[in-house]
Amino acid sequence: MAYPRWKKILADLWSSKARTILAALSIAVGIFAVGVVTTAYFLVRDAMVLDYENANPRTARIYTESFDESLVKDVAKVPGVTAAQGYFDAWLKGLGADGNLYPVDVTMIESLDALNVDRLVFEGGSRKLSKGEIYMERAGAEGMGLKVGSTIDLKGNDGEVRTLKIVGLVHDVNANPFRFNQKTAAYVTPETMSWLGETNLYNNIAIITDGLHTDINQVREIAERAAGTVKQHGKEVYSVNINNPGQHPAQSIINSVLALMGALAIMSVLLSIFLVINTISALMSQQIRQIGVMKALGAKVGQLICMYLALVEAFGLLALLIGLPLGALVAYGFAHWLLMMLNADMIPFYLPAQSVILQALVGLVVPLVGAVAPVISGARLTVREAISNIGMDSTGSQGWIDRMLASERIQSLRWPSRPLMLSLRNAFRRKSRLILTLITLTLGGAIFISVFSVRDSLYRELDQNYGYYQSDVNIEMNQNQKIDRMVVAVQDIPGVVSGEGWLSSRLNVMHADGVNSDLVLAFAPPSDTKLITPVMIEGRWLLPEDENGLVADNHFLSTRPDVKVNDTVVLRINKQDHLFTVVGIFRLAGNSTIGTVYLNRETLERLSGVGTEMTNSFKVVTTRHDAASQMEVLRRLQTRLDAKDIDAYLQTGSDIIASSRSTLNMLIYLLLFMAVLIAIVGGLGLMGTMGMNGIERTREIGVMRSIGAVNSKIYQLVVAEGMFIGLISWGLGWLVSFPIANLLDRQLGQMLLNVPLVYVFSAQGPIFWLVVVLLLSVLASLMPARNAVRLTIRDILAYE
C-alpha cells in the first residue's frame, strides 16, 4: 500500500524540477549559513586554543624597576606561581623593504629553549642566535618585505642606526597582528640588546598561576602575592597586568565576529522557513484536486500528511547534499583567512559533529515545522471542497485591494495601462503567498540596508575618535625636548602650518589600599589646544584653572566602575601619590584594556619633574590633509629631525585612520557577505512565488495568447508583477531596517568598541538594495515568463 505513495513523491520531485530545485535551494541557504558559521567557529576556536597553548602563555605580567635573574627565581617560588620568566623589551624603529620605518617591539631572550613562559614557535632559519643577529616575528617580516638571510636597520632610542642579520623567523601568539596596526616584534640576545643601546636587565616578569587560568580573581590574588615579593626586593611595582587570562589575545574579536555571523545565520534560517511554507502552500494549492481524488479512493488524513511531509524531507535531503559540503568549503576558507589576519596557524580541516547535527536539524527538522500548517490544512479538505477546488487559499472572494483595482475610476485611467493593471491584480491574487514572499524579501532587504548604516555608524565612531588626534603628523620622541626647539625645527618646513607640544606618560591609578593600582595612558596637551574635539558623556572638559583636575574615558570606568564625576582619584607620578578630581567622562571607542586620562600639561610637567615647556609628543598640522601630502611632510620632518639629532618616531594621521579602519573593514566585509546571502534567500523566495503564480495562470496566459497577446506582452506582464512585489518589499524593508540597524549598532558597538554606536542613516543602503531587488525581481520573473511563452496554445488550454 505504501508503494503508490512513494511513487507519487518521486513523481512530484521529478515532474516539477524547477519547483524541486527552488525548494531545495531555499532550505540549502539556511544550511549553508549555519554550516559556515558553526564550522568556522569550531575550526577557529580549536586553532586558536592550540596556538595559544603551544606558547605556554602567561596569566599575569608584573612591570617593575630593572632587576636580574635572582628576582625571577624568588617569584617562581611564590605559592600559586608555577612558572616565571623575566623579560625586557624596547620599542625601536625598523626599516622595511619599502623604505618606511615601522615600530618594532624588540624583546631580549637568552635562547628559544630557555623560554618557559610565552614561548616562541620556531618557523625557520637558525636556532642559534648570536650577537648582531635577530629573530623576526613571521607576520611582521612578511609585511615589511624581509626574510631569513636579509638584514634590517634598527634605529635605537639613542638615535643610532644599527644593522642586524635576520637569522630566523618565529611565531609569537602575543605579537600585534601586523595587518591591523603595522607593528611587529623581534628578539635578540642580551649582548645584542646592550649593543642596541639598551640594558641587559629585565623590566617585567611574566608568570603562570596554578588553578583555573580563566578565574581572574584567583589569578589576581596570586599575581598580587608575586608583586609583594617584588616589593620585598626593594623594587617599585608599576603595574600588574591581567588581561583576559587563559584566553587568546584576539579571542574577544573572534567571539564578536562569530556571534554577529551567528545572528545573521539564524535570520537566514528563519527566512528559509518562510520559503518552505510558501513552497509547500503553493504545492498543496496545485494538488487540491489530486488530494480529493486520493481521499475519494480511501486515503486517510494521516496518510496524506505523512506523504507530503515525506516530500518536504526529500527537499531537505537534497538541500543537505547542496548546503553541507558547500558550507564546509566556505567555512574552511573563511577560517583560514580569519586566522591569517590574526597571525594564527590553521589546523587540518575536519567537519565538527556539532556543526553537522545543527545543519541536519536545519535541513530536516526546521522545514517540517514550517510545512506542518499548510500540509494539515490541505490534507483536511473534504472530497467536495477538493474536487470543486475551493478549499485552500480560495480566490472566490475579493478584498478591498481587488475591488479598488477593479473599480470604474481606476479602470478609466489612461495610466497605468491595462497589462500593468492586470499585473497589479495578479500580484494580490494569492495574498497569503504574497505576504510570505514580502516577509522574506522585506527582512532580507532590511538586513541588507542595515549593514550600510552599521558601517557608517562604525566610521562615525572612529571619526569621533580622531577628534582626540586631529594632527596630520605625530612625532613621538624618545627623550623630552623643549617645545621652542621643536617649533623652530619644524616651522619653516614646506607644508607645515603649526605644531603643539604635548606630554604623554603611563601612570598608575592607585586603589584604596594604597598598594594595588591600574595602569592608564595620560595625555597632557596645552590648555589652549586646537587639536581636541571631545565627546563628553558626563561632566565637562578640562579648563586652564583645573590644576589637579582630570578627565577620564569609558575604558577607565571599566576598570574603576566606582569612580564618578567630582570623585577624587590617586595618581602615582614620579613615585609620589597625588590627588586629582575627575571633572568629566569622555567617550572613546575602541577595545583597549587600558584607560585614558587627560591632565593639564603644566601640572604633569611640575609633578613629573621634567621641567617647564617640555614635550615628548609633538603634533603637526599641515596645509593639506590627504595621505600623500601628509607622507611628504613626514619625510621632510624626518630629515630635519635627523639633522638636529632628535630621535623620534613619526606617523601620519592617515596611517592611524587606515590602521583603525582595517579591523572594522574585516567585520564589514563579513556583514556584507551575510547580507548578500540573505538577499539570495529573498531572490529565491520571489522566484518561487513567480514560478507558482505562472503555473497557476497557465490557462489564463493561453487565453491571452489565443486572442492575440504577443510574447513580449506576456514577458512584460510577468516581469511587471515581479517588479511590483519587489518595490513593495523595498519600501517595507527600508522601514524595518531602522530598528534592526539600531539593534546591531548597540550590540556591535558594545562588543567591538566598548560603546553603543549612534545610529547613522546611510543613503547607499536603500539605493543599492533598490537596484538589487529590481534586478532580483527581473531575474526571478524571466524564467516563469519564458516557460509560459514556450508552451503552445493547444497545450496551455489542455492544461489541468
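The values are calculated or read from the model by the stated rules, or taken from the named source; none is laboratory data. Owing to the predicted nature of the structure, the values given are computational and were not obtained by experimental measurement. A quick note on method: Cβ atoms are made from the backbone with ideal geometry, for glycine too, and the neighbour counts reach across all protein chains shown. Protein only, heavy atoms only, side chains kept; ligands, DNA and RNA dropped before computing areas. Shrake-Rupley method; radii C 1.70, N 1.55, O 1.52, S 1.80 Å.
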Check your understanding: Can you give the FRET efficiency for Asp492 and Asn665, using 1/(1 + (r/R0)^6), R0 = 51 Å, r = Cβ-Cβ distance, to the nearest 0.05?
Key -> 0.85
**Study point:** Two-site label geometry, Met783 and Leu579: point separation in nm, points 7 Å out along Cα→Cβ
**Key:** 7.7 nm
Point to revise | Val365 paired with Ser126, simple spin-label distance in nm, labels 7 Å along Cα-to-beta-carbon | key: 6.0 nm
Point to revise | Kirkwood Rh, angstrom, the stretch 550-683 [1 / mean 1/r, Cα pairs] | key: 19.2 Å
Check your understanding: In the chain, carbon and sulfur make up what percent of the accessible area (probe 1.4 Å)?
Key -> 59 percent
Review point. Can you give the Rg to Rh ratio for the stretch 443-564, taking only C-alpha atoms and Rh from Kirkwood?
Key: 1.07
Practice item. Please report the relative contact order for the stretch 141-258, taking Cα pairs under 8 Å with a sequence separation of at least 6, and give it as a percent rounded to a whole number. Key: 16 percent
Exercise for review: Specify the angular offset, from 0 to 90 degrees and rounded to the nearest 10, of the alpha carbon long axis of helix 653-696 from the longest principal axis of the alpha carbons in the chain.
Suggested key: 10 degrees
Revision key, fill the gap. For the stretch 1-75, the percent of all C-alpha pairs falling in each 5 Å bin, from 0 up to the bin holding the max distance, is 3, 10, 9, 9, 8, 8, 7, 7, 6, 6, 5, 4, 4, 3, 3, 4, 3, 0
**Study point:** Per-residue [θ]222 nm for the chain (sum of -39500 (n - 2.57) over DSSP H runs n ≥ 4, rounded to 500)
**Key:** -17500 deg cm²/dmol
Point to revise | Loop trypsin sites (Lys or Arg not before Pro), the stretch 598-652, which have at most 15 other Cβ atoms in a 10 Å radius of their Cβ (DSSP) | key: Arg624, Lys644
Exercise for review: With +1 on each Lys and Arg Cβ and -1 on each Asp and Glu Cβ, and nothing else charged, work out how big the dipole of the stretch 425-559 is about its Cα centre, in Debye to the nearest 20.
Suggested key: 1740 debye
Exercise for review: Among the trypsin sites (Lys or Arg not before Pro) in the stretch 281-331, which ones are in a DSSP loop with at most 15 other Cβ atoms within 10 Å of the Cβ? Mind listing them?
Suggested key: Lys300
Check your understanding: Taking every eigenvalue of the Cα gyration tensor of the stretch 220-275, multiplying by 5 and rooting it, what semi-axes result, largest first, whole Å?
Key -> 48, 8, 6
Point to revise | Derived scalar couplings ³J(HN,Hα) [the stretch 472-477; Karplus, 6.51 cos²θ - 1.76 cosθ + 1.60; whole Hz; x for Gly, Pro] | key: 8, 9, 9, 10, 9, 9
Check your understanding: Put a dot 7 Å past each Cα toward the Cβ at Glu160 and Ser66; how far apart are the dots in nm?
Key -> 1.5 nm
**Study point:** Separation between Cα centres of the stretch 20-81 and the stretch 266-314, rounded to whole Å
**Key:** 46 Å
Point to revise | Residue-span extension gain [Ala310 to Lys7] - 0.36 nm each, minus C-alpha spacing | key: 107.9 nm
Check your understanding: Under a straight-distance cross-link criterion of Cα-Cα below 24 Å, which lysines are reachable from Lys231, leaving out those fewer than 8 residues away in the same chain?
Key -> Lys73, Lys77, Lys575
Check your understanding: List the trypsin sites (Lys or Arg not before Pro) in the stretch 11-91 that DSSP assigns to loop (not H, G, I, E or B) and whose Cβ has at most 14 other Cβ atoms within 10 Å. Which are they?
Key -> Lys77
Practice item. Please compute the net charge surrounding Val240, taking Lys and Arg as +1 and Asp and Glu as -1 over other residues with Cβ under 15 Å from its Cβ. Key: +3
Check your understanding: From the backbone phi of the stretch 85-101, what are the Karplus-calculated ³J(HN,Hα) couplings (6.51 cos²θ - 1.76 cosθ + 1.60, θ = phi - 60°) in whole Hz, Gly and Pro given as x?
Key -> 9, x, 9, 9, 9, 9, 7, 10, 10, x, 8, x, 5, 8, x, 9, 8
Check your understanding: Any idea what % of Cα-Cα pairs in the stretch 284-380 are farther than 16 Å?
Key -> 65 percent
Study note, to complete from the structure: Percent antiparallel among DSSP beta bridges confined to the chain, nearest 5, equals 80 percent
Study note, to complete from the structure: Taking the dipole of the chain about the Cα centre (Lys, Arg +1; Asp, Glu -1; charges at Cβ), the one of Ile493, Gly35, Gly733 that reaches farthest to the positive side is Gly733
**Study point:** Percent of Cα-Cα distances greater than 42 Å, calculated over the chain
**Key:** 46 percent
Practice item. Take the alpha carbon atoms of the stretch 123-162, find their radius of gyration, then divide it by 2.2 N^0.38 Å using N residues; give the quotient. Key: 1.26
Exercise for review: Please report how far the C-alpha centroid of the stretch 184-216 lies from that of the stretch 626-670, rounded to the nearest whole angstrom.
Suggested key: 28 Å
Revision key, fill the gap. Checked against the positive end of the charge dipole of the stretch 140-200 (+1 on Cβ of Lys and Arg, -1 on Cβ of Asp and Glu, about the Cα centre), the farthest of Ala185, Trp195, Gly156 is Ala185
Practice item. Note the full-extension length gain between Glu602 and Arg640 as 0.36 nm times their separation in residues minus their Cα-Cα distance, in nm to one decimal. Key: 10.9 nm
Exercise for review: Give, in nm to one decimal, the length gained when the segment between Asn217 and Lys231 is fully stretched (0.36 nm per residue of separation minus the Cα-Cα distance).
Suggested key: 2.9 nm
**Study point:** Charge context of Ile767, other residues only, Cβ under 15 angstrom, K/R +1, D/E -1
**Key:** 0
Check your understanding: Over the stretch 157-231, with a single point scatterer placed on each C-alpha, what log10 of the ratio I(q)/I(0) does the Debye formula yield at q = 0.17, 0.18, 0.25 1/Å?
Key -> -0.97, -1.02, -1.17
Review point. Tell me, Kirkwood radius of the stretch 616-689 from alpha-carbon pair distances, in Å?
Key: 16.1 Å
Review point. Roughly what angle does helix 366-379 make with the longest principal axis of the chain, taking Cα atoms, 0 to 90 degrees, to the nearest 10?
Key: 20 degrees
Point to revise | Quarter of Cα convex hull surface for the stretch 101-195, i.e. mean projection, nm² | key: 5.6 nm²
Exercise for review: Between beta-carbons, use under 15 Å as the cut-off and find the net charge around Met48, counting Lys and Arg +1, Asp and Glu -1.
Suggested key: -4
Check your understanding: Nearest 20 debye, what's the magnitude of the dipole of the chain about its Cα centre given +1 on Lys and Arg Cβ and -1 on Asp and Glu Cβ?
Key -> 5080 debye
Exercise for review: Treating the angle as unsigned and between 0 and 90°, give the value, to the nearest 10°, between the Cα long axis of helix 301-341 and the longest Cα principal axis of the chain.
Suggested key: 30 degrees
